[in-house]
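Right, one structure below, let's go through it.
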Amino acid sequence: MSPISPDHTSKAPAYYTLDGTLGYPVRVYGRTVRLQLNVRNLLDYDKPYYTTIRTLAGRNYRDGFYYIEPRKFLLTATIDL
């Protein structure tokens, strides 16, 4: 739980997400095909991100949160005509 300071602000722990892209051109039947792999949230950060803190009876409670999008892979192929 993050404590609330006297000026009514609170600090949440930092988090980082890492995305990666890898591309490679290949020749198929005399045409260039570009293959690309994108990975979102490469480290698969899966903890909730809290957006608000509520005070009830003098105690602070984390309220309002969402999860970062889970790791996602996207493979694309582009053909030069």
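Points worth noting:
- Residue count for segment 28-72, restricted to those that are surrounded by 10 or more Cβ atoms within 10 Å (Cβ to Cβ), among the aromatic types (Phe, Trp, Tyr) and under 20 Å from Thr17 (Cβ atoms): 5
- Meets criteria (at pLDDT 95 or above, surrounded by 11 or more Cβ atoms within 10 Å (Cβ to Cβ) and under 19 Å from the mean Cα position of the chain (by Cα)) for Leu75: no
- Matching residues in segment 1-27 - criterion: being surrounded by fewer than 11 Cβ atoms within 10 Å (Cβ to Cβ), within 25 Å of the chain's Cα centre (by Cα), more than 14 Å from Glu69 (Cα to Cα) and modelled with pLDDT under 90: Met1, Thr9, Lys11, Pro13, Ala14
- Residue within segment 73-81 that is assigned to a loop (DSSP other than H, G, I, E, B), farther than 19 Å from Leu18 by Cα and either among the β-branched types (Val, Ile, Thr) or touching a residue at least 24 places away in the same chain (Cβ under 8 Å) (or both) present: yes
- Segment 16-50: number of residues that are under 11 Å from Lys72 (Cα atoms) and in contact with a Phe, Trp or Tyr (Cβ under 9 Å, 6 or more places away or on another chain): 5
The values are calculated or read from the model by the stated rules, or taken from the named source; none is laboratory data. As the structure is a prediction and not an experimental result, all values here were calculated from the model. Positions of Cβ are backbone-derived with ideal geometry, glycine not excepted, and every protein chain shown enters the neighbour counts.
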